[in-house]
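The values are calculated or read from the model by the stated rules, or taken from the named source; none is laboratory data. These figures come from a predicted structure and were not determined experimentally. Note: ideal-geometry Cβ built from the backbone for every residue, glycine included; neighbour counts use all protein chains shown.
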Amino acid sequence: MPLVVCPTPIGNLEDVTLRVLRELGEADLVLCEDTRRTRTLLDRHGVRAKLLSYHRHNEAQRVEELLPRLEAGERIALASDAGLPALNDPGARLIAAALARGLGVTVLPGPSAVETALVASGLVGDRYAFAGYLPRQAGALSRFWKETAAWEGPVIAFESPRRLPTSLASLAAESPERQVAVCRELTKRFEEVVRGPAREVAERFRKAPKGEVTLVVAPAPDAVAGADEEASLAAVAELVAAGVPRRRAADLVAKLTGVRRNRLYRSSL
């Protein structure tokens, strides 16, 4: 494929895959946010490559320059400073432009702060959502917590260490018992994951920490309870429709879900 998207380590330089190293070494050109950081990675693994800066300030210009080269058959590797390009990093514009021209694009698997933080948080479920960077304005941040309170799974977001105390205080004010994990410096020497209810974690980070931060925030407890009750009532209704006596249906669903039997019975009448 002419364009190969190459994830790079989010901290530990040993986390790069063998396939990514091979593609970076065989490419005619490697695009990277900061050539110095990518050069450090390549030198660490003995890979030689021709580097060209590709970041948010020159992305539009670079796309115009690179499309003819891709169409001419050059093999170009796209890397970012850390993680997968195009996810809150430059690259989406070039990928979309290449696909629009009918050019082949290959995306290699590799390190991801989003998924690493999700698993480390202990809040893994069947679903999750990635929200990019948290809103900066107080009003927008408050609305964000309200909007995500009833989501079916945890929400993952990036935050700067400088703004972290303010963001956590906002979450604690909105929903003090909402579970949150602050994942700091993932895969690095001083990696830290702090888990707990928002009120406790906000107290822990009253001062800005150092390093890169990824947040994982669970749905609000009261929202989850409401969703469970709604689903339980629907289950009772289905059993009754199938011919199960109402009290028996409420009893069965209560045992499976933990929602009170009397509540289910009265609400289903």
Find all pairs meeting these conditions: Cβ atoms under 7 angstrom apart; at least six residues apart or on different chains; first residue within the stretch 25-42 and over 12 Å from Cys6 (Cα atoms); second residue assigned to a helix (DSSP H, G or I) and of a type outside the set (Asp, Glu). Leu41/Leu13; Leu42/Leu24
Leu269: passes all of (1) modelled with pLDDT under 80; (2) surrounded by 16 or more Cβ atoms within 10 Å (Cβ to Cβ) but (2)
Within the stretch 149-178, can you find the residues that are crowded, with 22+ Cβ neighbours inside 10 Å and not aliphatic (A, V, I, L, M)? Pro154, Ser167, Ser175, Arg178
Could you grab me the full set of residues in the stretch 88-134 that are outside any helix (DSSP H, G or I) and of a type in the set (Gly, Ala, Ser)? Gly91, Gly102, Gly104, Gly110, Ser112, Gly122, Gly125, Ala129, Ala131, Gly132
Could you list, in sequence order, all residues of the stretch 12-26 that are surrounded by 15 or more Cβ atoms within 10 Å (Cβ to Cβ) and touching a helix residue (DSSP H, G or I) at 6+ places or on another chain (Cβ under 9 Å)? Val16, Leu21, Leu24, Gly25
Check whether at least one residue in the stretch 182-194 is in contact (Cβ under 8 Å) with a residue 40 or more places away in the chain, farther than 30 Å from Leu21 by Cβ and not assigned by TED's automatic domain parsing to the domain that holds Leu21, and report yes or no. no
Would you check if there is a residue in the stretch 46-63 being loosely packed, with under 15 Cβ neighbours inside 10 Å, basic (Lys, Arg), outside the structural domain of Ala131 (by TED's automatic domain parsing) and not in a loop (DSSP other than H, G, I, E, B)? no
Some residue of the stretch 41-58 being out of contact with any strand residue (DSSP E or B) (no Cβ under 8 Å at 6 or more places or on another chain) and polar (S, T, N, Q): yes
Kindly indicate the residue of the stretch 68-125 that is under 20 Å from Val47 (Cβ atoms) and among the β-branched types (Val, Ile, Thr) and also surrounded by the fewest Cβ atoms within 10 Å (Cβ to Cβ) among those meeting that condition. Thr106
Determine whether Arg62 is in contact with a His (Cβ under 9 Å, 6 or more places away or on another chain) and either without any contact (Cβ under 8 Å) to a residue 40 or more places away in the chain or small (Gly, Ala, Ser) (or both). yes
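Can you tell me how many residues in the stretch 130-144 are free of Cβ contacts under 8 Å to residues at least 60 places away in the same chain and surrounded by 13 or more Cβ atoms within 10 Å (Cβ to Cβ)?
Looking only at that region, the number is 7.
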When the stretch 1-19 is checked residue by residue, the ones that are within 14 Å of Asp81 (Cα to Cα), in contact (Cβ under 8 Å) with a residue 60 or more places away in the chain and among the hydrophobic types (A, V, I, L, M, F, W, C) are Val5, Cys6, Ile10, Val16
